[in-house]
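A.B. asks: Below you will find the structure I want to go over with you.
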Amino acid sequence: MEMVEAAEGSGRGRYALKPTRINSEDILFCIDVDTESLVEMKTTGPTGRPLTRLDSIKQAILLFINTKLSINPDHRFAFATLAKSASWLRKEFSSDVESAVTALRRLGATSSCGQADLTQLFRIAAHEAKKSHAQNRILRVILFYCRSSVRPHHQWPINQKLFTLDVMYLHDKPGPDNCPQEVYDALVDTLEHVSEYEGFIYETGQGLRILLRYLSVLLSHPQQRCPQDDMDIPKSLTKRSPAGDSANGEDSVPVSSQ
């Protein structure tokens, strides 16, 4: 923003946005496929059985894609998975919703991975970002991370910020066998290390509704964001919700205030 001089006697300046081009996005979803992605959440599906984290992530991604395309049909999406390192699930960026549905149907969890190296993910993202920039687009990675005791690591130079990173962290409650606070802190450090524009990070312990609420904030375009610390959304629905809502397990398990 720039401050423009106010009319004489007004006593204050006014702010105006400089004209700028808002680029269409290429969005790479990277989904954690460790066995912790199969942990059941306190939300039931149409069959009455609890949804797993992976089930909830799939639903949230499809809602995100449909909403994002309603804003701008020129946005495109691709998919990768994170086991010990990242690999492609669907390499081609596309605006076709049905191809996204097909890719997500193929998505399944693996065995326990033991570590999470993000270096290959960043290599993929940097390579794709250069192609996006050549087409006057920008690239964003949205990482869904599900491990409560495994801190992600990477080897990435701090001066290479070619893409934006958002993180959605789904985790267990803190306990003797896990350390979600330390994992969250590592994710925050990673986001700040690699992001070209302002990256956002959100965390939740339980509940599809909270996941969807945070994903709605990630619909915001990276070129139009303020720092996350300056945001006061999403608003808490506690006072508006019926008393029975908290009993349905939709409460977040706070790890850290961001």
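A.B. asks: Which members of the range 121-136 meet the condition of being under 23 Å from D74 (Cα atoms) and open to solvent by 20 Å² or more (accessible area, probe 1.4 Å)?
C.D. replies: Selection gives H127, K130, K131, H133, A134, Q135, N136.
A.B. asks: Inspect all residues belonging to the range 142-150 and state whether any of them is part of a loop (DSSP other than H, G, I, E, B), open to solvent by 40 Å² or more (accessible area, probe 1.4 Å), closer than 23 Å to F200 by Cα and in contact with a Cys (Cβ under 8 Å, 6 or more places away or on another chain).
C.D. replies: Looking through the range 142-150, at least one residue is part of a loop (DSSP other than H, G, I, E, B), open to solvent by 40 Å² or more (accessible area, probe 1.4 Å), closer than 23 Å to F200 by Cα and in contact with a Cys (Cβ under 8 Å, 6 or more places away or on another chain).
A.B. asks: Follow-up question, since we're still on this one. Give me the pairs, please: first residue somewhere in the range 201-222 and of a type in the set (F, W, Y), second residue anywhere and buried (at least 22 other Cβ atoms within 10 Å of the Cβ) and at pLDDT 95 or above, beta-carbon distance under 8 Å, and either six or more positions apart or on two chains.
C.D. replies: Short answer, once both residue conditions are applied: Y202/V167; Y202/M168; Y202/Y169; Y214/M168.
A.B. asks: Across the range 192-208, what is the number of residues that are farther than 22 Å from W156 by Cβ and surrounded by fewer than 19 Cβ atoms within 10 Å (Cβ to Cβ)?
C.D. replies: 0
A.B. asks: State all residues of the range 108-120 that are buried (at least 17 other Cβ atoms within 10 Å of the Cβ) and touching a helix residue (DSSP H, G or I) at 6+ places or on another chain (Cβ under 6 Å); if no residue qualifies, say none.
C.D. replies: A109
A.B. asks: Is it fair to say I158 is open to solvent by 30 Å² or more (accessible area, probe 1.4 Å) and among the β-branched types (V, I, T)?
C.D. replies: yes
A.B. asks: Also: Count, please, the residues in the range 70-107 that happen to be outside any loop (DSSP other than H, G, I, E, B), touching a residue at least 12 places away in the same chain (Cβ under 8 Å) and open to solvent by less than 60 Å² (accessible area, probe 1.4 Å).
C.D. replies: 18
A.B. asks: Let me ask something else about it. May I ask you to list the residues in the range 30-40 that are surrounded by fewer than 20 Cβ atoms within 10 Å (Cβ to Cβ) and in contact (Cβ under 8 Å) with a residue 24 or more places away in the chain?
C.D. replies: T35, L38, V39
A.B. asks: Out of all the residues in the range 41-65, which are at pLDDT 90 or above and open to solvent by 80 Å² or more (accessible area, probe 1.4 Å)?
C.D. replies: Q59, L63
A.B. asks: Which is open to solvent by 20 Å² or more (accessible area, probe 1.4 Å), over 21 Å from F29 (Cβ atoms) and in a loop (DSSP other than H, G, I, E, B), of D185, D189, D172?
C.D. replies: That would be D172, the only listed residue that is open to solvent by 20 Å² or more (accessible area, probe 1.4 Å), over 21 Å from F29 (Cβ atoms) and in a loop (DSSP other than H, G, I, E, B).
A.B. asks: So, one more: Checking the structure you have, find out if any residue of the range 116-133 is part of a loop (DSSP other than H, G, I, E, B) and free of Cβ contacts under 8 Å to residues at least 40 places away in the same chain.
C.D. replies: no
A quick yes/no check of all residues on (1) modelled with pLDDT under 95; (2) not basic (K, R):
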position	(1), (2)
V97	no, yes
A100	no, yes
A103	no, yes
G114	yes, yes
L118	no, yes
K131	no, no
N136	no, yes
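The values are calculated or read from the model by the stated rules, or taken from the named source; none is laboratory data. Nothing here was measured: the structure is a model prediction, and the numbers come from that model. Cβ coordinates were reconstructed from backbone atoms using ideal geometry, including for glycine residues, and neighbour counts include every protein chain displayed. These accessible areas exclude ligands, DNA and RNA; they are computed on the full protein's heavy atoms, side chains included. Shrake-Rupley method; radii C 1.70, N 1.55, O 1.52, S 1.80 Å.
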